[in-house]
Amino acid sequence: MKIGVYPGSFDPFSIGHHDVLMHAISLFDTVYVSVLNNATKHPLFSVKERVSLIERMVEAEGLQNVIVTSFDGLLVDYARSVQAGYVIRGLRAIMDFEYEFQIHAVNRHLAEEIQTVYFMASPEHSFLSSSVIREIGSMGGDISGLVPGSIQNMIAERLAKA
Ligand code: PNS
């Protein structure tokens, strides 16, 4: 069984995240999409909202091998707790590399047995980030094509109130 954890803030889950997830589920038996519950950050969407949005999308798309969770603490401890041997991350451009390089080095130091697998974002999504989506949505802009269609309205409504 190849089990992967796809961790992130997902504030909110974007079409770029969706792209990475689609690649991951084609290679892994089970993928945990795991929202970081980080007390030091101030996300717009609560952990509960983010988990529930991703669950909606998974249900609407009938994705069989995806489990949506949240986690506290170290990613490697969480990965071990669900018997995952792999961490899944997306890369958009060179700007992500340094950050990912550091996370990889720390995780490798803490848990040598856990491998990180990277998927390159599609070129048409390379400009996209959750913060761009939050900004567009909260200013009344159109977020279609930037988030999965199945949860677009819920995200737009929430951002309109932000
Ligand atoms: O979507 P993000 O915010 O880039 O995701 C970052 C994430 C969740 C992968 C990273 O912050 C993380 O793994 N945090 C858990 C704490 C941890 O394990 N820290 C050590 C590695 S930096």
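Coordinate-derived values only; no laboratory data. This is a predicted model, so every value here is computed, not measured. So basically every Cβ, Gly included, is an ideal-geometry build from the backbone, and we count neighbours across all protein chains shown.
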**OP:** Taking 7 Å along the Cα-to-C-beta vector as the label spot, tell me the Lys48-Lys2 distance in nanometres, rounded to one decimal.
**Re:** 3.7
**OP:** Quote the charge dipole size of the chain about the Cα centre in Debye, to the nearest 20; the model charges only the Cβ of Lys and Arg (+1) and of Asp and Glu (-1).
**Re:** 220
Original post:
Remind me, relative contact order of the chain in percent, using alpha carbon pairs under 8 angstrom and six or more residues apart?
Top reply: 31
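Compute the Cα gyration tensor for region 1-120, then decide on rounded, prolate or oblate, letting a ≥ b ≥ c be the square roots of its eigenvalues: rounded whenever a/c is under 1.5, prolate when a/b is larger than b/c in the other cases, and oblate in all that remain. Walk me through the numbers on the way to the answer.
Details: a/c = 1.32, a/b = 1.16, b/c = 1.14.
Note, shape of region 1-120 comes out rounded.
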Original post:
By how many nm would the segment from Asp142 to Glu61 lengthen if fully extended, with 0.36 nm per residue of separation less the alpha-carbon distance?
Top reply: 26.9 nm
Original post:
Which value in nm describes the separation of the simple spin-label points at Ser81 and Ala105, placed 7 Å from the Cα toward the beta carbon?
Top reply: 2.8
Subject >> Acute angle (nearest 10 degrees) that the helix 15-27 long axis makes with the longest principal axis of the chain, alpha-carbon atoms >> reply: 40
Original post:
Helix 94-110: angle to the longest alpha-carbon principal axis of the chain, degrees 0 to 90, nearest 10?
Top reply: 40
